[in-house]
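As structure tokens, the structure follows; a few thoughts come after it.
The values are calculated or read from the model by the stated rules, or taken from the named source; none is laboratory data. Note that the structure is predicted; figures quoted are calculated from it, not measured. As a convention, Cβ positions derive from the backbone with ideal geometry for all residues, glycine included, and neighbour counts pool all protein chains shown. Keep in mind that these areas ignore ligands, DNA and RNA; they rest on the heavy atoms of the full protein, side chains included. Shrake-Rupley method; radii C 1.70, N 1.55, O 1.52, S 1.80 Å.
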Amino acid sequence: EANQVFPLYLYPAEGELQLQEERRRANLNPSFIKDLSGRLGLVFVEDGAGDLERTFGPEDVFDFAYAVFHSPGYRARYFDQLRLDFPRLPLTSRLELFGALVRKGAELVALHLMESPLLSNLITRYPEAGSNMVDKISYAAPTQRVYINGTQCFEGVPQYVWAFRIGGYQVAQKWLKDRKGRALSYDEVTHYQRVVVALNESIRVMHEIEDVIEAHGGWP
């Protein structure tokens, strides 16, 4: 496969001489950090996150970028360019906008890592007992049901969640397709319900990112 990986931190190679305080370093270009620091009037800390009042860190940069790249407006505005090349990150000199987008990005990161406390608030039911075998997958929009076979379904899946795509994949469908021909365990049934929450909350946060940008005067 041809994959691109851009880790946030770099770690010393095995056997490489290292000091205790040099376990990892931010994988960010110093000129980029200098530029962003000058724009925001904040001091960069080498690890973790800053307080966003006097300091910012690599994880704040990551969360800011994560929010921007999940903005529906950004994706629509740069659709043609995004099909051909890596995304470009627009920077801002507005500290309030930066902080607000960092917070929204952090929400998305927690959802996508399946670490958000919101995932415990299930919005679906799995009402019918049976074999739990994933066979014929279908969606019934009028009843908001995702069927995994002729009788069993997940109930309460909004149509916009069922249709939501990440990376070209219809996530709520693909997760089940990857398990076709096998019986779902109790943990897998629960996990799928948490995935539905993650998708539903992601859509909410993505729209809130647009609201944040508009509330702070539009695109940086």
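Looking only at region 187-207, residues that are under 17 Å from residue 65 (Cβ atoms) and among the acidic types (Asp, Glu) come to 0 in all.
A quick yes/no check of all residues on (1) under 30 Å from residue 218 (Cα atoms); (2) aliphatic (A, V, I, L, M); (3) surrounded by 13 or more Cβ atoms within 10 Å (Cβ to Cβ); (4) touching a residue at least 40 places away in the same chain (Cβ under 8 Å):
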{"position": "88", "(1), (2), (3), (4)": "yes, no, no, no"}
{"position": "107", "(1), (2), (3), (4)": "yes, no, yes, yes"}
{"position": "110", "(1), (2), (3), (4)": "yes, yes, yes, no"}
{"position": "122", "(1), (2), (3), (4)": "no, yes, yes, yes"}
{"position": "136", "(1), (2), (3), (4)": "no, no, no, no"}
{"position": "142", "(1), (2), (3), (4)": "no, no, no, no"}
{"position": "149", "(1), (2), (3), (4)": "no, no, yes, no"}
{"position": "157", "(1), (2), (3), (4)": "no, yes, yes, no"}
{"position": "178", "(1), (2), (3), (4)": "no, no, no, no"}
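In the condition set (1) within 21 Å of residue 103 (Cα to Cα); (2) in contact with a strand residue (DSSP E or B) (Cβ under 7 Å, 6 or more places away or on another chain), residue 207 is compliant with all but (2). Out of the residues in region 193-209 that are touching a Phe, Trp or Tyr at 6+ places or on another chain (Cβ under 9 Å) and either open to solvent by 10 Å² or more (accessible area, probe 1.4 Å) or without any contact (Cβ under 8 Å) to a residue 60 or more places away in the chain (or both), which is farthest from residue 145 (Cα to Cα)? Once the filter is applied, the top-ranked residue is 203. Condition check: closer than 21 Å to residue 210 by Cα, acidic (Asp, Glu) and in contact with a helix residue (DSSP H, G or I) (Cβ under 8 Å, 6 or more places away or on another chain). Does residue 63 satisfy that? For residue 63, the condition - closer than 21 Å to residue 210 by Cα, acidic (Asp, Glu) and in contact with a helix residue (DSSP H, G or I) (Cβ under 8 Å, 6 or more places away or on another chain) - is met. Counting only helices (runs of 4 or more DSSP H) that sit completely within region 24-84, those holding 2 or more residues that are at pLDDT below 95 and open to solvent by less than 50 Å² (accessible area, probe 1.4 Å) correspond to 72-77. Residue count for region 6-23 under the criterion of being assigned to a loop (DSSP other than H, G, I, E, B) and modelled with pLDDT of 85 or more: the result is 4.
Examine region 159-168 for a residue that is open to solvent by 50 Å² or more (accessible area, probe 1.4 Å) and touching a Phe, Trp or Tyr at 6+ places or on another chain (Cβ under 9 Å), and state whether such a residue exists. Yes: region 159-168 contains one or more residues that are open to solvent by 50 Å² or more (accessible area, probe 1.4 Å) and touching a Phe, Trp or Tyr at 6+ places or on another chain (Cβ under 9 Å).
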